[in-house]
Structures are given as C-alpha cells and as structure tokens.
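The values are calculated or read from the model by the stated rules, or taken from the named source; none is laboratory data. This structure is a prediction, so every number in the text was calculated from the model and none was measured. All Cβ positions, glycine included, derive from the backbone under ideal geometry; neighbour counts span all protein chains shown. Accessible surface is based on the protein model in full, side chains and every heavy atom, while ligands, DNA and RNA are left aside. Shrake-Rupley method; radii C 1.70, N 1.55, O 1.52, S 1.80 Å.
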Amino acid sequence: MTLYGSIASGSFRRYSTYRAATFAGIFTNSVFGFILTYTYIALWNARPGLGGYDTSAAVTYIWTSQALLATVAIWGGGFQDDLQARIRNGDIAIDLYRPVDLQSWWLAGDLGRAGFQLLTRGAAPLTVGALAFHLRLPRNAGTWAAFLLSVGLAVVVSFAIRYLVSLTGFWLLDADGVRSMVTIAGMFLSGMLLPITLFPGALGELARVLPWSAMVQIPTDVLLERRTGQGLAAGLGFQLLWAVLLLAAGRAVQRGAARRVVVQGG
C-alpha cells in the first residue's frame, strides 16, 4: 500500500506541474459550461420538466458534468498515452518483469491524476457555475460524501475501460482506433452530452445498464439528490459491480497478453 500510495502521490505531483494546461482546461470547461447552460435553458424553457429535471437541476447537471469531464477522463488520455507507447516500443516487457502488479501500478497513477483534476478542473468550473447561475448544490455533508464516493467509483470504472482499450495494443500494435471508438461511445452513453433520462425507449434502457452511465450520470444524480436511500445504494452498487467486472476482465486480458507478448524488433 505504501508503494501504490507513492505512485498515486507522484502522479498527483506530476500533473500539478502542468499549470498552463490546467488553467487552459479550466477556462475551456467554463466556456463550454456557459455555452451548454444557455442551450439547456432554452431547451428546458420550451420543454419544462424534460427528463425529470427542472431548469435549475438541468443547469446544475451541466456544470457537474463539466467538473467530471477531466476527472473521469471521458476523452481518454492519462496513463493510456504512456501504456500504449510502452506496448508499441516494447518497454512493456520490462514492466511485466517488475515485482509489482501492472494493473495496480497504472490504477494507482490514474487515481493520483484524477485527484488533481477533481481539485482543479473539477472544483474551479463548478465554482464558476455556482457564481454565475443558481445551481442546486446540496447542503447536506452526507450527500457530498456520497458524491465523492461515487466519483471515486466512476474513476475506477473509467480506468478499467481505458485499461482494456490500451491492452488491445498487444494484438493490434496500435490501439488508437479502438480508443477513438470507445471515446465516442463514452461521450454519448455516459450522459456527458445529454442526461441518459432523455434517451428514448430501448436506447435509454440500454444506456442505463452499460458501464459508461456509471461515469457521469450516476455521480451527477447523486449530487442532485435524485438518488437517496435505496436508490443511492443501488447506484453505488451498480458502479462497484462494473468496476469489479471490468478490472477482472482487464486482469484476464493482461494474463493472456503476457503469455503471448511479442516485442516489436525481436
């Protein structure tokens, strides 16, 4: 645990050195927050109560999703760039010989990254939104604690998906194509662009049971206190289930890759 804690801490410090990129990300998230907010206000004025949200809740949804965008790495990135590069150039063979679990190593690093992003590109845009609009933020400390727990589970689910995508590089040598397709699916099916409750019929039912809904839709609904009591327990259980299943799948694929790994160049 000391080792993985050090990895997470080192990752946090690593991302904290990119100050210009962090401020640029905060500015970008805030700008898109304003654009989407006024779009949502127009939409909800035309269709009050759409998706079970009133206008205030819809605006809060926008700024919360912007706060989660970098934290849960909806667009991918983070450890993926390093892992895919090491698979391509063969350095992954060294990693597999190290006396440390490969999946846990990268997970610890991604948790450190997510912690920094939550404190910067998460908190700052949400603060901007709260200053500019009337957001429906909870006053109950228990709700905030449940939200942070849900965000933590969302990060683990996101990591597990991105880890599986990166491991396809063992067979494809370049996982960028798979990564692009999964990123598009994640943007749409996580609730990042629109709440999943707005999806019609079978599409909505399917989106709700896929793992991407655990990344944005569930944490946002927890913050909006749309999930309380048994609903909250069910939402957190859903996230935990997908986290366990996807991590187990990643470990199985990793074992298969390690048995037949071929390093380019020899």
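If the condition is being exposed (fewer than 15 other Cβ atoms within 10 Å of the Cβ) and of a type in the set (Gly, Ala, Ser), then the range 230-255 contributes Gly231, Ala233, Ala234, Gly237, Ala248, Ala252. Tell me, yes or no, whether the range 2-19 has at least one residue that is in contact with a Pro (Cβ under 8 Å, 6 or more places away or on another chain), closer than 30 Å to Leu194 by Cα and of a type outside the set (A, V, I, L, M). The answer is no; no qualifying residue exists. When the range 81-128 is filtered for residues that are buried (at least 19 other Cβ atoms within 10 Å of the Cβ) and of a type in the set (S, T, N, Q), the ones remaining, listed by number, are Gln84, Gln117, Thr120. Sort out which residues of the range 15-50 are open to solvent by 40 Å² or more (accessible area, probe 1.4 Å), part of a helix (DSSP H, G or I), within 21 Å of Ala67 (Cα to Cα) and free of Cβ contacts under 8 Å to residues at least 24 places away in the same chain, and write them in order of number. Result: Arg19, Ala20, Ala21, Phe23, Ala24, Phe27, Thr28, Val31, Ile35, Tyr38, Thr39, Ile41.
Scanning the range 51-80 for residues that are open to solvent by less than 30 Å² (accessible area, probe 1.4 Å), in a loop (DSSP other than H, G, I, E, B) and modelled with pLDDT of 85 or more yields Tyr53, Val72, Ala73, Ile74.
Screening Ala85, Ala20, Ala73 for residues that are under 27 Å from Leu223 (Cα atoms) and not β-branched (Val, Ile, Thr) leaves exactly one candidate, Ala73. Restricting attention to the range 122-143, the residues that are free of Cβ contacts under 8 Å to residues at least 24 places away in the same chain and in a helix (DSSP H, G or I) total 4.
Restricting Leu131, Leu148 to residues that are under 19 Å from Val222 (Cα atoms), among the aliphatic types (A, V, I, L, M), at pLDDT 90 or above and open to solvent by 40 Å² or more (accessible area, probe 1.4 Å) narrows the list to Leu148.
When Val155 is tested against the conditions (1) within 29 Å of Arg227 (Cβ to Cβ); (2) open to solvent by less than 10 Å² (accessible area, probe 1.4 Å); (3) over 13 Å from the mean Cα position of the chain (by Cα), the lone failure is (3).
Can you go through Leu153, Leu206 and tell me which one is touching a helix residue (DSSP H, G or I) at 6+ places or on another chain (Cβ under 6 Å) and either of a type outside the set (Gly, Ala, Ser) or in a helix (DSSP H, G or I) (or both)?
None of the other options fit; the residue is Leu153.
Within the range 209-229, being in a helix (DSSP H, G or I) and surrounded by 18 or more Cβ atoms within 10 Å (Cβ to Cβ) holds for Pro211, Trp212, Ser213, Ala214, Gln217, Ile218, Pro219, Thr220, Asp221, Val222, Leu223. Summed over the range 87-108, residues that are in a helix (DSSP H, G or I) and under 17 Å from Arg251 (Cβ atoms) total 11.
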